[in-house]
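The values are calculated or read from the model by the stated rules, or taken from the named source; none is laboratory data. Quick caveat: nothing in here was measured; it's all calculated off a predicted structure. The area values use the complete protein model at the heavy-atom level, side chains included, leaving out ligands, DNA and RNA. Shrake-Rupley method; radii C 1.70, N 1.55, O 1.52, S 1.80 Å.
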Amino acid sequence: MKTTTPTTPTTTSDSPTPTPTASSDVPEIEPPSDGALTLDRPSVNPGDVLYASGSGCQPGHSVTMTANGETVGTSTADSTGHFSSPVEFTRIEPGRHFVTASCGIVLTGAVDQILTSSTGGHSGTLVILVFFVLVGIALIRFA
């Protein structure tokens, strides 16, 4: 006796199965932001003024900015929790510095302090000095 097993029919479709898109089916939800600290440039030379601005502070709260354990700026948050202040480093220490703003919450940003040097200005003086020394030696020798 021959037994047959039922099979599941296979169907093919030319149209793709619709997939939900993030913009139409699921509303996009932004995570809450505690605040932000923005520095106006990524690097500074010694003596340059760096400006910091931030948001997320408690309104009217004092803001103290520190780097490497030293106070580098102070400000007060406005009625919306925003602040801005110059940041002034008292020591010249090349490398990356992390600026921390404390105002009820802690905000952090990084800046690189760059130290450049130039020797181009002294080379002309050295050439003139050597020239006069050689002329002096020649005058003494042939006199």
Practice prompt. Would you mind estimating how fast the stretch 38-143 diffuses translationally, via Stokes-Einstein at 4 °C and 1.567 mPa s with the Kirkwood radius over Cα pairs, in µm²/s?
Written response: 77 µm²/s
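Which sequence of 127, 99, 49 reflects their accessible areas, 1.4 Å probe, from the largest down? Let's see the in-between values first.
On the way: 127 100, 99 0, 49 55 Å².
Ranked from most to least accessible, the order is 127, 49, 99.
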Worksheet entry | Using θ = phi - 60° and Karplus 6.51 cos²θ - 1.76 cosθ + 1.60, couplings along the stretch 55-66 (whole Hz; Gly, Pro as x) | 8, x, 7, 6, x, x, 7, 6, 10, 10, 9, 10
